[in-house]
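The values are calculated or read from the model by the stated rules, or taken from the named source; none is laboratory data. Predicted, not measured: the structure shown is a model, and the values here were computed from it. Neighbour counts run over all protein chains shown; Cβ positions are idealised from the backbone, glycine included.
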Amino acid sequence: MFLDPFHSSNENLISISAEQASSFAKSVSNDFNPIHDVDSKRFCVPGDLLFALVLQRYGLSKKMSFNFSGMVQADTQLVFPHNPGNEFEILDSRGKCYLQVSRNGESTDDLAVIEQLIKRYVFFSGQNFPYILQPLMEQKNVMINPQRPLAIYHAMSLQFDTLNLNEPGVELAETSLEVNGKRGDGEFNFRLMNGEQVVGCGVKKIILSGLREYEKEAMDKMVADYLRWASQS
C-alpha cells in the first residue's frame, strides 16, 4: 500500500523514522509544520500518520473515534495489537499509550477506498494552519506564541451512513474555537462525501496552549514564514 514508504514493520511492531514521518507530512498531508522537520528539537510523528496506519491495518468502520494521548518520537516501537476488539490502544514497548481507538458497525477492508479516504482526510487535516486556524484566532483576538507555537492534535471521529463508496472525500463544514485563559479548544467539523453526495460527518479537535492577545504583525509573519517553509520543502 502507499503507506509502505512511511514506516517499518515487523509483525505487530511498527516504527517510524524522522525521515519517513517528515516525508509523509510534506508529500501526503501537505503539512509543513516545523515540528515535523527532521532536525526539529521538538520533532514528533504526525497524528495523521498513526490514523492512516490504523485504517490500513484494521479497516474502516462506519463509526470510529481516535483519541491522541502522547507525541510519538522518531523510531519509537509501536505495538499494533493482533485482532483487537472494538476498543483498543496503540502502545509503545514500555506500555505508554499514544492512541486510543474505538470502532463500531459495519466495516470494509477495501484498500482502494481506504487509501482514497486517507489521502483526502490527511490533506484536509494538514491545512489547519494557516487556512482555518488563523481566521479563528483573529476572530477570538488570540494567537499562539510565535516563538513556541503549540497546537496539539487531540482527537478526531467520523461516522458514515454507508460504506458503499467509490469516491470518498472530505469537505469543511463548521469551525469553532473556545478560549479559556491561555488555552484554546478548536473543533473542525467536516462532511464525509462520496463524490457530490454527503454520506457522513466527522470532527477534528485540537488544543492550543500559551495563547496571548492577537497581534496582526506577528501573525502575518508566522503565516509568511509558514508559506515560505512550504515553498522551500
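Against the condition modelled with pLDDT of 95 or more, closer than 17 Å to residue 178 by Cβ, in contact with a Phe, Trp or Tyr (Cβ under 9 Å, 6 or more places away or on another chain) and among the β-branched types (Val, Ile, Thr), how does residue 199 come out, does it pass? Outline the logic, then answer.
Working: modelled with pLDDT of 95 or more: yes; closer than 17 Å to residue 178 by Cβ: no; in contact with a Phe, Trp or Tyr (Cβ under 9 Å, 6 or more places away or on another chain): yes; among the β-branched types (Val, Ile, Thr): yes.
So residue 199 does not fit the description; no.
Can you find a residue that is modelled with pLDDT of 95 or more, crowded, with 16+ Cβ neighbours inside 10 Å, assigned to a loop (DSSP other than H, G, I, E, B) and of a type outside the set (A, V, I, L, M) anywhere in the stretch 79-94? Yes: the stretch 79-94 contains one or more residues that are modelled with pLDDT of 95 or more, crowded, with 16+ Cβ neighbours inside 10 Å, assigned to a loop (DSSP other than H, G, I, E, B) and of a type outside the set (A, V, I, L, M). Of all residues in the stretch 65-96, those satisfying the criterion of being touching a Gly at 6+ places or on another chain (Cβ under 9 Å) and either polar (S, T, N, Q) or within 30 Å of residue 189 (Cβ to Cβ) (or both) are 66, 68, 71, 72.
Among the numbered conditions (1) aliphatic (A, V, I, L, M); (2) in a loop (DSSP other than H, G, I, E, B); (3) within 26 Å of residue 36 (Cβ to Cβ), the only one that residue 101 does not meet is (2).
Regarding the stretch 143-152, can at least one residue be identified that is surrounded by fewer than 19 Cβ atoms within 10 Å (Cβ to Cβ), under 22 Å from residue 15 (Cα atoms) and free of Cβ contacts under 8 Å to residues at least 24 places away in the same chain? So far as the stretch 143-152 goes, no, none of its residues is surrounded by fewer than 19 Cβ atoms within 10 Å (Cβ to Cβ), under 22 Å from residue 15 (Cα atoms) and free of Cβ contacts under 8 Å to residues at least 24 places away in the same chain. Restricting the stretch 192-224 to residues that are surrounded by fewer than 17 Cβ atoms within 10 Å (Cβ to Cβ) and polar (S, T, N, Q), the residue that is nearest to residue 151 (Cα to Cα) is 209. Looking across the stretch 158-210, the residues that are of a type in the set (Asp, Glu) and within 16 Å of the chain's Cα centre (by Cα) come down to 171, 185, 187.
I'd like to know if the stretch 193-203 contains one or more residues that are assigned to a strand (DSSP E or B), closer than 24 Å to residue 44 by Cβ and either in contact (Cβ under 8 Å) with a residue 24 or more places away in the chain or in contact with a Gly (Cβ under 7 Å, 6 or more places away or on another chain) (or both). Checking the stretch 193-203: at least one residue is assigned to a strand (DSSP E or B), closer than 24 Å to residue 44 by Cβ and either in contact (Cβ under 8 Å) with a residue 24 or more places away in the chain or in contact with a Gly (Cβ under 7 Å, 6 or more places away or on another chain) (or both).
Going by the structure shown, is residue 62 surrounded by fewer than 21 Cβ atoms within 10 Å (Cβ to Cβ), of a type in the set (Lys, Arg) and modelled with pLDDT of 95 or more? Taking the combined requirement at face value, the residue satisfies it.
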